[in-house]
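Below is one structure, written out as structure tokens, with a few remarks after it.
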Amino acid sequence: MRTVRARLLAVVSAAALLAAPLASADLAGAESKPKRAKAITVMSRNIYLGADINRPVAAAQQALASCQDPETCPQEVLFALAGATHQTRQIVDQTNFPARATLLADEIARTQPDLIGLQEVALWRSGPIELAEENILRPNATQVDYDFLKLLLKALRAEGVRYKIAEEGLRADVEAPSFSESPFEEGAQDVRMTMRDVILVRADSAFEVTGTGDEIYDQNLVVDLSGKQMSFDRGYNWVNVRSGDKRLRFVNSHFEAFSSDIAHAQAQQLLAEAVAPKRTTIFVCDCNSDPLNDNVKEEIGDTLPHKAPYDLIVGEGGFTDQWLELASGGPGWTSGLSETVDDETAAGFDHRIDMIFARTPDGTPLRVRGGEVTGDELADRDPVTGLWPSDHAGVVLRLRGY
């Protein structure tokens, strides 16, 4: 049997890169709901929060590091944070989730997954600017500007398909002041971003949800800004489903992007807590772990390579990378386009971090009856704005043998 590394290298060989289009066993043409499903179609989809959330933090940290006068440092950090937040919020408008939601809904309507693991399901809110010491960075804005979940579900209904929320997990909930030059200028406000991981089930799926769960990871990225902390929580959620006498667990997660050491700790916790030992577990994620990337972020103190969480999952974790079981699937690149997602080519898709794994009780891989990467071709862009559905592509697989 080939090693995982050998199989990965085979997938990205020149022959694969030049191969015919990705295999897809007519995912959209599946028969209507049977009494007992013989296959399950699952999707992992990072829908993109709309901007680089690291910008405000990086700007504030840079201002803090370069500050010379301790008395003026708090104001310098505040202004840097607010200016970067203002720019970030403008980019969220520019990346236009209402338009992108239509593109995402089209992908989902065409491939008809039974279960979808969504990541970066942002809720953007705003409120009056609060500059009192005790209120700065406190997430309390209530005016909803964009609710990505509601917008996507609305777009799906417009496509004629209905999905239900099976599990919704709240993640990072952060707020910062937003202004370009002065907190007293017109339009100055507080901007709040709440992240969510969501599992959707198709309303007419043959799979019935029998149980759900959601957890926050013990280790998360915490940023200190002049004595105040911003916590970027991540976690996992799961649903148990059944069809006839067949039962399985579906797990969804999004590991830390800025530290592979933290992502590895999160993968360890998921493997310890979320796996159903006596039934098949299908696990989808934006794992932020490229199996072909050996780089270590030593500049931030990491000790583990980028691929470490992936290696843990398919090694000690006992999961199969199901994309590698798809004949003629191609390299499966899923990331990553530019922040403004208006790239003129698809060249930005140059690595794979969005995964569908499975672990059966006896350790055998599930059979892949078809699959594809979605949202990665020029034709998938919005014809008016030129926007892509997301900065990631989606992954859909139709699986049997669970």
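The values are calculated or read from the model by the stated rules, or taken from the named source; none is laboratory data. The shown structure was predicted, so the numbers you read here are calculated from the model rather than taken from an experiment. All Cβ positions, even for glycine, are placed from backbone atoms using ideal geometry, and neighbour counts span all protein chains on display.
Take the conditions (1) touching a residue at least 40 places away in the same chain (Cβ under 8 Å); (2) under 15 Å from A172 (Cα atoms); (3) assigned to a strand (DSSP E or B); (4) of a type outside the set (D, E); F250 misses just one of them, which is (2). Residues of the stretch 94-132 that are at pLDDT 95 or above, part of a loop (DSSP other than H, G, I, E, B) and either surrounded by fewer than 17 Cβ atoms within 10 Å (Cβ to Cβ) or of a type in the set (A, V, I, L, M) (or both): V121, A122, P128, I129. The condition of being out of contact with any Cys (no Cβ under 8 Å at 6 or more places or on another chain) and within 27 Å of R202 (Cβ to Cβ) holds for only one of A346, A274, that being A274. For the stretch 144-164, the criterion of a residue being closer than 26 Å to R247 by Cα, assigned to a loop (DSSP other than H, G, I, E, B), among the charged types (D, E, K, R) and touching a Ser or Thr at 6+ places or on another chain (Cβ under 9 Å) is satisfied by no position. Checking each residue of the stretch 147-157 against the condition of being closer than 27 Å to T88 by Cβ and surrounded by fewer than 18 Cβ atoms within 10 Å (Cβ to Cβ) gives at least one match.
For the stretch 317-340, the set of residues classified as part of a loop (DSSP other than H, G, I, E, B), touching a residue at least 60 places away in the same chain (Cβ under 8 Å) and more than 17 Å from the chain's Cα centre (by Cα) consists of L326, A327, S328, G329, G330, P331, listed by residue number. When the stretch 57-93 is examined, which residues are found to be surrounded by 17 or more Cβ atoms within 10 Å (Cβ to Cβ), modelled with pLDDT of 95 or more, within 21 Å of the chain's Cα centre (by Cα) and not hydroxyl-bearing (S, T, Y)? Correct list: R89, V92. Would you confirm, using the coordinates I've provided, whether E316 is at pLDDT 95 or above and surrounded by fewer than 18 Cβ atoms within 10 Å (Cβ to Cβ)? Spelling it out, E316 is indeed at pLDDT 95 or above and surrounded by fewer than 18 Cβ atoms within 10 Å (Cβ to Cβ).
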